[in-house]
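Read the figures in this text as sums done on the coordinates, not as results from a lab. For clarity, every value in this text was computed on a predicted model and none was experimentally measured. For neighbour counting, all protein chains shown are included, and Cβ atoms are generated from backbone atoms with ideal geometry for every residue, glycine included.
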Amino acid sequence: MQGYRRYIPLLIVVAIFALFLKMLGGDRNPKEIKSVLLDKPVPVFSLPALYEGKPSLTEADLKTGKPILVNFFASWCVPCRAEHDNLMRLAHDQGVPIIGIAYKDEPQRSIGFLEELGNPFVATVKDRDGRTAIDWGVTGVPETFLIDGDGILRYRHWGPIVGDSLEKRLLPQLKELQ
Amino acid sequence: MIPEIGHFALIAALMLSLLGAVVPHVGIRRGDTRLMAMAEQIAYGQFLMAMMAFAALTYAYVGSDFSVMNVAANSHTAKPLLYKISGVWGNHEGSLLLWVFVLSLFSAAVALRGKSLPLRFRSRVLAVQSALLVGFLLFILLSSNPFLRLDPAPLEGNGLNPLLQDPGLAFHPPMLYVGYVGLSVTFSFAIAALIEGEVTPLWARWVRPWTLAAWVFLTAGIALGSWWAYYELGWGGWWFWDPVENASFMPWLAAAALLHSSIVVEKRDALKSWTILLAIVAFSFSLLGTFLVRSGVLTSVHAFAVDPERGVYILAFLALIIGGSLALYAWRAPRLSPSGLFGMVSRESALVLNNILLSTFAAVVLVGTLYPLVLEAVNGTQITVGPPFFEYAATVLMSPLIVALGFGPLLAWKRGRIGKSAQILLPAAIISLVIFWSVVWSSTGGLVMTGVGLGLGAWLIISVFLEISSRTKLFKQPSRFFKRAGRVPRATWGMSLAHMGLGIIILGITISEAWTEEVLKLMRAGETTDVGGYSFTLEHVSPIAGPNYTAVRGSFLVEKNDTFIARLLPEDRVYSDPPMNTTEAGIYPLVRGDLYAVIGEYAGGNAWSVRLYFKPFISGLWLGAILMVVGGLVSLTDRRQRIGAPAGKRNKASSPTAAEA
């Protein structure tokens, strides 16, 4: 290869490595699939309350004029236990309203889970067959969604809120809305 | 104590590599043959040290020494011995150590076998190998040290991913690594040639056995991995176009292209600059293959050890090797002027076409693998590039290659005559067209691609046969066949075998894709299901206990026309350390195809969800891969490759018999 053409392989490789470097930066998790619902109204749903006698919940109840968190959890899910402390802290210290959705779980077990670890939720409903979770695009529990005052989905927290992900990821998003 | 010896051996290997990367160049600069010759001694020393380190880690694994962090994280006392050993390379740190070990092995082999190379060139090659070793050893010692201790030592280890506890996968990584690392020799030869500013036909001859050996191991490694996926993942698939599979496939394609282009350099002194570039690209693909998946850039089922710190080091290191060598190439390539000219229709042109198609395919696979990443970097959308893309590219690019492959070996060097080879190949063309039309006609146009695949496979196999028979004059003088066959160089036999293997693989893929029968259903003990003309009876499902797992095992009685064919025993295993579920398919290969059964979850009421397949001629895949490997090995034993062909014998080597290869 003569002339400028001999630089072509080098240029291609430089471009590829620039791409790799860019994708390596930040706290990108290559396994995370982004939500397609971002900046869209939350999907329509109606779920019965976990506790007998409490009112059921629909998407209209999320339009409270204030940011609100929706947390999918289950008693059988170990990472949910890990993040529970952070949820309690969010609810009690920061006063953030959190709605809990028990995902594919026996109601008695969900109640037991909350009795054991404390209940951070302002309302708790149950999604026994996981239909609502599918509509929300939940890929596994726990997953937490941040909804703004108009019922628009603003942020999805994929996986448990543990380590520095509360300070670095969830709280900045919340601050922005408040 | 032993792990510390391993640790010291690694440090000693690093020191030797630093020495080995510099001293030969100094020796060449000063014209000091003693310094140049030191490269060899250093290579032996590196090998010895790397072997000690590897042996030390293996010792720690076999003895379940959980005070070594790496062993505690990846092994378990209840594991069978085979998996204790394969656990050594079943993790990030250990597999890097295997890399270094194999790399030093190849350096030592170059030092040992390369006596016929000029001293100056040999020390250049060894110096490049040493420089590669420096990078890997630094990486191991700085960020991935397998010999770090744990205090206090845990009583039990975490165990190895159960999916990896499998005989197929125990040998898949070492095979693949020998292939990947074998390409480092080709790479070092190319860099040395660029530094020296000269590529000769002799260079091509030196480099060929190394490329061939690497290609053979890559083929075997990929086939083993694919076979593992076929029987372990439990849904009958064998290739998924997963980033890591692509990463092993790209160096294979580049190595295959290199094998062919180096023939042109050797015989005709042409394509030099391109061949050097291919040698660099092939090894770069190997590096990408091993390391891209560990850098945290791509996601894949194989991604173990994702760590941003390591990712940055890996990227910097790869950028240095690949970017550096390509910069060297850009600087030096203009010196490599072509001298051999050839006509449009000639063996050379056929090989050029082979190279264009193979490297385009490699480029397409690269684009398909990286495209999701590009898109995410540009506008944040996430997509995956699925099998349809790759399959389309494979069909479009490989079909002309297969057609040309029939002609290639029949064309003469320099200027061939297409008419003469077309005459020889006429029967192959007729038969494959008949097969194509009968498939399309009998399926009323439904199976066009199946017809194409069958036609191409048949064309390739028959044309290889016709080529052999025209070379040995099988039809003209059958009585003298064996005498003539004995005179055909082994490299040519190797070529025919490998091409035949490719044809059989094409048939295997096409037939199994088109006519696989699959049944998914709930079955109770005593029930019978018909799949592909065979009746599968679920006799019973019983619990069994393995050394480190428990399982349920289904027992399927397979009969045809009330005669016993086979008993399939698929298992659904639950491993305890780490807790994980794996399926072991029950497979019985017949000449016509594989009987394949998977037992799934208990569905209540004594019923189990089962999957039953009849996969016709899927063995063609493994058979074809075996033929390719055998072809490569036969070619390796060719006299011309064993003897380093000293410069004085060049004229003899290019005599008519040899030129036929």
Next item on the list: Could you work out the mean count of beta carbons from other protein chains within 10 Å of each residue's beta carbon in B:323-331?
Entry: 5
Next item on the list: Provide the descending list of Cα extents for the protein assembly as shown along its principal axes, expressed in whole angstroms.
Entry: 97, 74, 53
Note to self: For the stretch A:33-177, what does the relative contact order come out to in percent, with C-alpha contacts under 8 Å and a separation of six or more?
What the structure shows: 33 percent
Checklist line | Burial ordering of A:54, B:267, fewest other beta-carbon atoms within 10 Å first | finding: A:54, B:267
Notebook entry, point to check: Can you give the FRET efficiency for residue B:574 and residue B:437, using 1/(1 + (r/R0)^6), R0 = 51 Å, r = Cβ-Cβ distance, to the nearest 0.05?
Noted result: 0.50
Next item on the list: Using 0.36 nm per residue of separation minus the Cα-Cα distance, give me the extension gain between residue B:138 and residue B:601 in nm, one decimal.
Entry: 161.9 nm
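Using 0.36 nm per residue, how much length does the chain from residue B:479 to residue B:513 gain when fully extended, once their Cα-Cα distance is taken away? Kindly include the intermediate steps, with their values, before the conclusion.
Working: separation 34, 0.36 × 34 = 12.24 nm, distance 4.18 nm.
Length gained between residue B:479 and residue B:513: 8.1 nm.
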Check: So, in Å, what gap is there between the alpha-carbon centers of the stretch B:9-62 and the stretch B:197-248?
Finding: 28 Å
Next item on the list: Could you work out the mean projected area of the convex hull around the alpha carbons of chain A, in square nanometres to one decimal?
Entry: 13.1 nm²
Check: Over all Cα pairs of the stretch B:417-502, how is the pair count split among 5 Å bins, expressed in % and running from 0 up to the last occupied bin?
Finding: 3, 14, 19, 19, 18, 12, 7, 5, 3, 1
Notebook entry, point to check: How large is log10 I(q)/I(0) at q = 0.08 Å⁻¹ when the Debye formula is applied to the Cα atoms of the stretch B:1-162, each weighted equally and without solvent?
Noted result: -0.27
Check: Under a no-solvent Debye model with one identical scatterer per Cα of chain B, what's log10 I(q)/I(0) at q = 0.07, 0.09, 0.11 Å⁻¹?
Finding: -0.51, -0.85, -1.22
Next item on the list: Calculate, for residue B:85 and residue B:562, the FRET efficiency according to 1/(1 + (r/R0)^6) with r their C-beta to C-beta distance and R0 41 Å; round to the nearest 0.05.
Entry: 0.35
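Would you mind telling me the antiparallel percentage of the DSSP bridges in the stretch A:69-178, rounded to 5?
In the stretch A:69-178, DSSP labels about 45 percent of beta bridges as antiparallel.
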Note to self: Just to be sure I understand the model, the point goes 7 Å from the Cα along the line to the Cβ. What's the resulting residue B:113 to residue A:81 distance in nm?
What the structure shows: 5.6 nm
Next item on the list: Would you please give the FRET efficiency between residue A:167 and residue B:149, computed as 1/(1 + (r/R0)^6) with r the Cβ-Cβ distance and R0 = 45 Å, to the nearest 0.05?
Entry: 0.85
Check: Amide H to amide H under 5 Å from residue A:143: which residues, 5+ apart in sequence or cross-chain, H placed 1.01 Å off N in plane?
Finding: A:72
Check: Hey, what did chain B get for relative contact order, percent, Cα under 8 Å, at least 6 apart?
Finding: 12 percent
Next item on the list: Neighbouring Cβ atoms within 10 Å as the yardstick, rank B:471, B:335 fewest first.
Entry: B:335, B:471
Notebook entry, point to check: How big is D for the stretch B:80-188, in µm² s⁻¹ as a whole number, if Stokes-Einstein is applied with the Kirkwood radius of its Cα pairs at 37 °C and 0.692 mPa s?
Noted result: 209 µm²/s
Margin query: Can you compute the helix-only [θ] at 222 nm over chain A? Use -39500 (n - 2.57) per DSSP H run of at least 4 residues, normalise by all residues, nearest 500 deg cm²/dmol.
Written below: -9500 deg cm²/dmol
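Take every Cα pair under 8 Å in the stretch B:166-407 that's 6+ residues apart, average their separations, divide by the length, and report that relative contact order as a whole percent.
Once normalised by length, the contact order is 22 percent.
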Check: So how do B:483, B:560 line up by other beta-carbon neighbours within 10 Å, fewest first?
Finding: B:483, B:560
Margin query: What does DSSP give for the protein assembly as shown in terms of the percent of beta bridges that are antiparallel, rounded to the nearest 5?
Written below: 85 percent
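When the chain is fully extended, how far beyond the present Cα-Cα distance does residue B:8 get from residue B:609, taking 0.36 nm per residue of separation? Present the calculation step by step, with values, prior to reporting the outcome.
Values: separation 601, 0.36 × 601 = 216.36 nm, distance 5.40 nm.
Contour length minus Cα-Cα distance gives 211.0 nm.
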